[in-house]
Amino acid sequence: MRMNPLIQFMKQVQGKINSSVYASLQGQSSPQHVAFLRQLQKELKVEESLTIPFSDLNVVVFDLETTGFFPEQGNQILSIGAVRVQGGEVQYEDTFYSLAQCTGELSTEIKDLTGIQESDLQHAPQLSKVLVDFYEFARGHVLVAHHASHEKKFLQHYNWKLFRTQFKHRIVDTSFLLKIAEPETNLVRLEDCCELCNIPVVNRHHALGDAKMTAELWSIYVARVQELGIINLREVYERLSR
């Protein structure tokens with residue numbers, strides 16, 4: 001990885017640099033984290049996941065809680081929650097959850113929405129570590145999220161900011177399955193989709209709570225699209241492109 005010119009200059013002038021300062025200038029990443037992410041990108045088999053039958057497809061359903069909608073304007077990731085789903089069966093005990101360090105004060109709206117306070121984040125791990133731990137948890141799985149553009153935008157932004165690597169994971173949007181199974185339904189909010197499927201709305205706007213509800217939604221609609229004769233993700237994308 002190319003060294004930040006400012007770091008290089010400081011090392012030349014001072015001969016050494018405090019490790020904490022060095023880490024912050026590097027975007028809170030480490031050479032080990034960067035190496036891991038690059039190896040993970042090499043292992044990704046994005047195209048192969050398209051043809052795996054839903055009955056054999058293992059996914060990680062996840063959710064992010066953030067300080068806003070625009071990472072390019074400084075909005076940050078507060079927490080990541082995830083749960084594994086094997087062949088359509090939600091593995092409720094096989095989960096990932098972590099808060100992430102956040103700079104600045106949280107707005108009243110975000111604190112009321114998520115229940116997260118600044119004090120909760122004081123001893124949370126740095127985002128670079130949280131992301132690496134999450135990617136390790138999701139290793140070898142397809143990622144799934146509800147209306148995934150939000151999650152994808154934040155992961156793309158912080159992958160590049162922290163690790164200088166592109167985010168190349170496939171994220172399947174639950175809305176893809178809803179559009180096929182419920183073409184007349186135009187629901188957006190997670191709680192509305194859950195109520196339609198009689199899924200109890202529990203721990204809304206908590207990353208792990210939302211991930212578990214999304215996983216249940218995914219499980220239900222995987223079964224429904226299979227009843228329509230759709231057996232894998234490739235056929236989902238083909239149906240949507242018509």
What pairs come up if the first residue lies in the stretch 225-242 and is under 13 Å from residue 176 (Cβ atoms), the second is part of a helix (DSSP H, G or I) and open to solvent by 60 Å² or more (accessible area, probe 1.4 Å), and their beta carbons are under 6 Å apart, counting only those six or more places apart or on different chains?
232/51; 234/51
Tabulated pairs, the stretch 130-158, first under 23 Å from residue 32 (Cα atoms) and free of Cβ contacts under 8 Å to residues at least 60 places away in the same chain, second in a loop (DSSP other than H, G, I, E, B) and of a type in the set (S, T, N, Q), C-beta under 8 angstrom, 6+ apart or interchain:
156/166
Residue among 189, 242, 234 that is under 21 Å from the mean Cα position of the chain (by Cα) and charged (D, E, K, R):
189
Right, residue 201: in contact with a helix residue (DSSP H, G or I) (Cβ under 6 Å, 6 or more places away or on another chain), open to solvent by 60 Å² or more (accessible area, probe 1.4 Å) and at pLDDT 95 or above or not?
yes
If you go through the stretch 219-237 one residue at a time, do you hit one that is open to solvent by 20 Å² or more (accessible area, probe 1.4 Å) and among the aromatic types (Phe, Trp, Tyr)?
yes
Against the definition (within 21 Å of residue 73 (Cα to Cα), modelled with pLDDT under 95 and not polar (S, T, N, Q)), how does residue 164 come out, yes or no?
yes
Which of (1) surrounded by 11 or more Cβ atoms within 10 Å (Cβ to Cβ); (2) at pLDDT 95 or above is the odd one out, the single condition residue 26 does not satisfy?
(2)
Criterion first (within 24 Å of residue 166 (Cα to Cα) and either of a type in the set (Gly, Ala, Ser) or at pLDDT below 95 (or both)) does residue 123 satisfy it?
no
Elements of type strands (runs of 3 or more DSSP E) in the stretch 39-157, at least 3 residues being open to solvent by 20 Å² or more (accessible area, probe 1.4 Å):
89-99
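The values are calculated or read from the model by the stated rules, or taken from the named source; none is laboratory data. All figures in this text were calculated on a predicted structure; none of them were measured in a lab. Here Cβ is always computed from backbone atoms with ideal geometry, including for glycine, and neighbour counts include all displayed protein chains. Side chains included, ligands, DNA and RNA excluded: accessible areas come from the protein's heavy atoms. Shrake-Rupley method; radii C 1.70, N 1.55, O 1.52, S 1.80 Å.
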